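Notes for the one structure printed next.
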Amino acid sequence: MAANATGETESGPLRLQFNKSVKLAFCGSSLSSDGGLLLHRELDDALGLTGLAANLLADPRTGQNGRHHLAALLRQSIFSRLAGYEDVNDANRLCRDPVMRQLVGGRAVKHGAGSASAMGRFETEILTRAGHLAALADLPGRWIDTIHDRRPPKSITLDMDSSESPVHGDQEGSAWNGHFQSKCLHPLFVFNQFGDLERCALRPGNVHSAEDWEDVLHPVLARYSASARPSITRRRFRADAAFAIPALFDLLETEGWDYAIRIKSNPKLHERIDWLTRRRPGRPPNHVVRRYTSFHYRAKSWSKPRRVVAKVEFHPGELFPTVGFIVTDRSLPNERVLAFYNDRGAAEQHIKEGKYALKWTRLSCMRFAANAVRLQLHALAYNLANFLRTLALPDDIKTWSLTSLRARLIKTGTRLVRHARYAAFQMAEAALPRKVFARIVALINGLRGPPTQIACA
């Protein structure tokens, strides 16, 4: 059916028989279910994030075919993912959405945002160029630097981990992974203690968990070096046993990073703690008993002896104790070293949020490069969502997960009322009241202004 200027069909509203006073009027051009995205766009503007991204992308289009600027297309890719539309399948509908048109800006406000075909070409042709893909990989770090320029951190803690992106077709690079017991692609992530995604990379499904760790970690360490960030006095790193690599130990020690990395057990290590694994005489207690010790150990492939902290746990009803080993250069007591390492579980939680709130496992393109681009776009959407959570949320909702924020903040219904000089979005108050929105806007405005000047050493 044809639609008039307000979006209502020419045949008029629908009537329901259960109540003759109820009518269904279709005003799609003035209603949206994603009103909360306006706050993310405000934060984007305050920090200049998508503007920074656009400066790194060269437009290869010629002639008059470029209806939307690359910055506009990039905003549409990022904000649609924030709202839960993980690919371009919904672009034909979103291009008419009043909130999306306002977010994209420019010609989109009056003429509509990018269509599915335009977004598909943007993500699978323009962004897959080698220079653009490299720029996308650098963008999460550049965005985080923008935050740190305004609020210089005194310490930084990095967590490195891999994950799976299950596939259900014959995507390029997909393979069976025995560890995850699935056919998948195998991305690698680095997070900081604030939950920001520092850098990520997509890899084939059958590679080792630490494959290409140098390419992912080196740029992050360079950004936090003493010359680049003199305000940082403590630099820490954590990872599981897959990253117990001698070259990684040497690099972290050379760059002045404290680290705690799990290592796999072996007969030599068990010999050193044999006395600690013996049960004491008498009836075993009904609670978990933990014992700690540390010693210096040098594997054949290590350049020097290093401190190893061992933890032995006796669980009720179990015959043998659970044993774990951590290699570290920290001088903390044994229990604190283990507590520091165990906090890396937060990185696994961040990965889960990316999977369930941002759907970054939705890598359905056949070409590997196109899927690599989509992972980077999901990473940017994740960081923008996390920036809002850590920088601009009131204390009473600051602990909400990204899934809750999408359901209760982003998915705020709104109605557009356009006047000659301005556009008013009438927001529903069913989930969050006006005072919450007002507080968020005030916190975002507090981020504006010139960044703090950092003197380089």
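Total residues in the range 394-423 satisfying the condition of being open to solvent by less than 60 Å² (accessible area, probe 1.4 Å), of a type outside the set (G, A, S) and more than 16 Å from R41 (Cβ to Cβ): the figure is 6.
Quick grid of which residues meet (1) in contact (Cβ under 8 Å) with a residue 12 or more places away in the chain; (2) assigned to a helix (DSSP H, G or I); (3) buried (at least 23 other Cβ atoms within 10 Å of the Cβ):
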| residue | (1), (2), (3) |
| --- | --- |
| F340 | yes, yes, no |
| T361 | yes, no, no |
| A369 | yes, yes, no |
| R374 | yes, yes, yes |
| A381 | yes, yes, yes |
| L388 | yes, yes, yes |
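Figure legend. Inter-residue proximity from the range 42-63: first residues within 15 Å of L391 (Cα to Cα), second residues open to solvent by 60 Å² or more (accessible area, probe 1.4 Å) and of a type in the set (K, R), beta-carbon distance below 8 Å, spacing 6+ or different chains. Indicated pairs: A46/R448.
Table: residues versus (1) of a type in the set (A, V, I, L, M); (2) at pLDDT 95 or above; (3) in a helix (DSSP H, G or I); (4) open to solvent by 20 Å² or more (accessible area, probe 1.4 Å).
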| site | (1), (2), (3), (4) |
| --- | --- |
| S117 | no, no, yes, yes |
| R121 | no, no, yes, yes |
| E125 | no, no, yes, yes |
| T128 | no, no, no, yes |
| G131 | no, no, yes, yes |
| A135 | yes, no, yes, no |
| G141 | no, yes, yes, no |
| D149 | no, no, yes, yes |
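On the stretch given as the range 268-301, residues that are among the basic types (K, R), farther than 17 Å from E318 by Cβ and without any contact (Cβ under 8 Å) to a residue 24 or more places away in the chain total 2.
Here I454, I440 are screened, and the one residue that is out of contact with any Cys (no Cβ under 8 Å at 6 or more places or on another chain), modelled with pLDDT of 95 or more and aliphatic (A, V, I, L, M) is I440. Among all residues of the range 194-216, there is at least one that is under 17 Å from the mean Cα position of the chain (by Cα), free of Cβ contacts under 8 Å to residues at least 60 places away in the same chain and either closer than 24 Å to S294 by Cα or not in a loop (DSSP other than H, G, I, E, B) (or both).
How many residues are in a strand (DSSP E or B) and in contact (Cβ under 8 Å) with a residue 24 or more places away in the chain if we restrict to the range 419-442?
The total comes to 3.
Quick check on this structure: which one of R229, R330 is among the charged types (D, E, K, R), in contact with an Asp or Glu (Cβ under 7 Å, 6 or more places away or on another chain), assigned to a loop (DSSP other than H, G, I, E, B) and open to solvent by less than 40 Å² (accessible area, probe 1.4 Å)?
Step by step, each of R229, R330 is checked, and only R330 is among the charged types (D, E, K, R), in contact with an Asp or Glu (Cβ under 7 Å, 6 or more places away or on another chain), assigned to a loop (DSSP other than H, G, I, E, B) and open to solvent by less than 40 Å² (accessible area, probe 1.4 Å).
Quick one: V220 ticks every box in (1) in a loop (DSSP other than H, G, I, E, B); (2) under 17 Å from R142 (Cα atoms); (3) open to solvent by less than 40 Å² (accessible area, probe 1.4 Å) bar one, so which box is it? Result: V220 fails condition (1) only.
The residue that is farthest from F325 (Cα to Cα), counting only those in the range 258-267 that are in contact (Cβ under 8 Å) with a residue 40 or more places away in the chain and open to solvent by less than 80 Å² (accessible area, probe 1.4 Å), is D258. Suppose the filter is touching a residue at least 40 places away in the same chain (Cβ under 8 Å), outside any helix (DSSP H, G or I) and either surrounded by fewer than 16 Cβ atoms within 10 Å (Cβ to Cβ) or at positive phi (or both); does G106 pass it? For G106, the condition - touching a residue at least 40 places away in the same chain (Cβ under 8 Å), outside any helix (DSSP H, G or I) and either surrounded by fewer than 16 Cβ atoms within 10 Å (Cβ to Cβ) or at positive phi (or both) - is not met.
Residues that are open to solvent by less than 10 Å² (accessible area, probe 1.4 Å) and touching a Gly at 6+ places or on another chain (Cβ under 7 Å) do not occur anywhere in the range 47-65.
The values are calculated or read from the model by the stated rules, or taken from the named source; none is laboratory data. For clarity, every value in this text was computed on a predicted model and none was experimentally measured. Neighbour counts are summed over all protein chains in view; Cβ atoms, including those assigned to glycine, are modelled from backbone coordinates with ideal geometry. Accessible surface areas use protein heavy atoms only, side chains included; no ligands, DNA or RNA. Shrake-Rupley method; radii C 1.70, N 1.55, O 1.52, S 1.80 Å.
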